[in-house]
Amino acid sequence: MRILVVGGGGREHALCWKLRQSVGSPTIYCAPGNAGTATVATNVKTPADDIDGLLSFAKETRIDLTVVGPEDPLCRGIVDRFVEAGLRIFGPTAAAARLEGDKAYAKKLMRECGVPTAEARVFGPTEQELAYRKQPGRERDESFPDSFKRGYELACDYVESRDSGLVVKASGLAKGKGVFVHQDPKDALATLKSLMVDLELGEAGERVVIEELLTGPEVSVMTLVDGRNIYVLESASDHKRLGERDTGPNTGGMGAYSPSDTLTEEVLEVVVRDIFVPIVDWLHREGVVYRGVLYAGLMLTAGGPKTLEFNCRFGDPEAQPVLARMQSDLVDALEATIDGRLDQIEIQWDRRSAVCVVMASHGYPKEFESGKQIVGLEQASDLDSVHVFHAGTAIRDEDVVTAGGRVLGVTGLGDTLERARSRAYEATKLIQFDGAYLRGDIAMRISDK
Ligand code: AMP
Ligand code: GLY
């Protein structure tokens, strides 16, 4: 069997590593991959967003199954294109992936099906206005600056009228960096300017969602959805803030652990009943068949679990500890999802805990330098119950060098969360590169922080 994994981060290294262990040891290709995927797969130079290039490669190489890691190609319709060409691919269609790609749409949908989420308002050009501008020759339509200005002014007026904390989110895709939490609403004015006027995140920030600030522990629930059945994977929690004790800007994720220590069976039941079931059913009624990973980022508030976001793919870095604990064959689970057979499978899990500590480049999530030599990778991987998943790495001559913001996801397993944690940190101590940054409090119990 030949499998193509699309993407080149830590999640994709974990996917390649796990898929390689499937029955019959499938041949894995990874596009574009990194220095870690190169040890378990053949890297293909095609970037993850080059859908035409990936399609040609899959046809030429007679790929049996394509697994898509990141959200961009999903939101841009890679699944629709592969399915049209008669190829098997794991992931939701563009219409289904909109749940992640358009936060304003996700909010509307949650409201319509009564899914608990933060109260929110949407500002910026309307869907019709955005669609109008996408027509050829209308990109620079004179009437638009006014409309943008109106949205921005209304957003500022709204923020000024608020007296409690709020969260500003770019409506489009921003790699986890489009969410700004403000305890003081006045601070949100600068965020609105940078998103809506200076367009610092490009099109993604033209529309914003402004929501009430919720408090409580966070948990990620990842499920496999086959259009009808919802199969809940083991829980995980990630750490999105750059700094220890959850301070500093949001990142793609500085670490994650599984299982989450915050989610009880009872709460999970409520989450499935009140969040996943209504969303999947609603999409179904709208003619959108959701197949792939459906991930809900939740906050467990005093008023019950509330949805912060939906993702249409495995979380990164959540995939690393979750896949490290998965004992069953991943190919079986992905094929059951594609074929609508999730009611017939059962996934076995390692009862141990797994903790993934991200080692990042100095400066991330802003500017950072690449090309720094990484040493100690082998010594770290040789430790018992440790997997060093690569994220932003590349091979230069014979060396492994840094090539991204998040460089490695050092993952340890242990009988308890504390043991898994010390395993992971022990391994990070063996790895060095210039400017390496990591948080020292990944998977620390809330009460210990
Ligand atoms: P998101 O990408 O929407 O999950 O947001 C990223 C992070 O921002 C979340 O993991 C939370 O830590 C924080 N966040 C998002 N929305 C809210 C909210 N309404 N209240 C408090 N924190 C939030
Ligand atoms: N770790 C959060 C995400 O993958 O979106």
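Using 0.36 nm times the number of residues separating D339 and D157, minus their current alpha carbon distance, what extension gain do you get?
60.6 nm
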Exercise. Would you mind checking K45/K169; K186/K429; K177/K429; K193/K429; K240/K372; K18/K134 for any pair whose Cα atoms are more than 30 angstrom apart?
Key: K45/K169; K186/K429; K193/K429; K18/K134
Self-check item: Descending semi-axes in Å of segment 1-64, equivalent ellipsoid built from Cα gyration tensor
Solution: 17, 15, 8
Practice problem: Using only Cα atoms, locate the centre of segment 201-259 and the centre of segment 12-79, then give the distance between them in Å, rounded to an integer. | Solution: 24 Å
Quiz item: Given 0.36 nm per residue, what is the gain on full extension from D64 to Q327 after removing their alpha carbon distance, in nm?
Solution: 92.4 nm
Quiz prompt | Debye, to nearest 20: dipole size of segment 36-140, +1 on Lys, Arg Cβ, -1 on Asp, Glu Cβ | solution = 220 debye
Quiz prompt | Sequence-distant residues sharing a close amide H with T42 (under 5 Å, placed H) | solution = I28, Y29, C30
Practice problem: Choose one of L19, T411, V277: the residue whose Cα lies farthest towards the positive end of the charge dipole of the chain (beta-carbon charges +1 Lys, Arg; -1 Asp, Glu; about the Cα centre). | Solution: L19
Quiz item: Treating the beta-carbon of each Lys and Arg as +1 and of each Asp and Glu as -1, no other charges, what is the dipole magnitude of the chain about its Cα centre, to the nearest 20 debye?
Solution: 220 debye
Quiz item: Using Cα pairs under 8 angstrom and six or more residues apart, how large is the relative contact order of the chain, in percent?
Solution: 16 percent
Quiz item: Given a Förster radius of 25 Å and the C-beta distance between E244 and L189 as r, what FRET efficiency does 1/(1 + (r/R0)^6) yield to the nearest 0.05?
Solution: 0.35
Quiz item: When the Karplus curve 6.51 cos²θ - 1.76 cosθ + 1.60 is applied with θ = phi - 60°, which whole-Hz ³J(HN,Hα) does each residue of segment 407-423 get, with x for Gly and Pro?
Solution: 9, 9, x, 7, 10, x, 10, x, 4, 10, 4, 4, 5, 5, 4, 5, 4
Exercise. Rounded, prolate or oblate: pick one for segment 82-238, where a ≥ b ≥ c are the square roots of the eigenvalues of its C-alpha gyration tensor, a/c under 1.5 means rounded, and failing that, prolate if a/b is larger than b/c, else oblate.
Key: oblate
Quiz item: Label points 7 Å out from Cα along the Cβ direction at V375 and R419: separation in nm?
Solution: 3.3 nm
Practice problem: Mind checking the full-extension length gain between D382 and K175? Use 0.36 nm per residue of separation minus the Cα-Cα distance, one decimal, nm. | Solution: 71.3 nm
Quiz item: What FRET efficiency would be calculated for the residue pair E127, R273, taking the C-beta separation as r and a Förster radius of 45 Å, to the nearest 0.05?
Solution: 0.90
Quiz item: Along the charge dipole of segment 134-267, Cβ charges K/R +1 and D/E -1, which of L224, A155, L195 sits furthest on the positive end?
Solution: L195
Practice problem: At 7 Å along the Cα-to-beta-carbon direction for both V197 and K134, put a label point, then send me their distance in nm to one decimal. | Solution: 2.8 nm
Quiz item: What whole-number value in cubic angstrom gives the convex hull volume per residue for the C-alpha atoms of segment 194-321?
Solution: 135 Å³
Exercise. Classify the chain as rounded, prolate or oblate, taking a ≥ b ≥ c as the square roots of the eigenvalues of its Cα gyration tensor: rounded when a/c is under 1.5, otherwise prolate if a/b is larger than b/c and oblate if not.
Key: rounded
Quiz prompt | Ranked by how many other beta carbons lie within 10 Å on average, peptides 29-35, 114-120 from highest | solution = 29-35, 114-120
Quiz item: For segment 162-178, what does the Karplus curve 6.51 cos²θ - 1.76 cosθ + 1.60, with θ = phi - 60°, yield as ³J(HN,Hα) per residue in whole Hz, taken in order and with x for Gly and Pro?
Solution: 8, 10, 10, x, 8, 10, 9, 10, 5, 6, x, 6, 9, 6, x, 10, x
Quiz item: What residue among V289, V401, G363 has its Cα farthest toward the positive end of the dipole of the chain, where the charges are +1 on Lys, Arg and -1 on Asp, Glu, each on the Cβ?
Solution: V401
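All of the numbers you see were taken from the coordinates with simple rules; none came from a lab. All figures in this text were calculated on a predicted structure; none of them were measured in a lab. Using ideal geometry, Cβ is built from the backbone for each residue, glycine included, and neighbour counts are taken over all protein chains shown.
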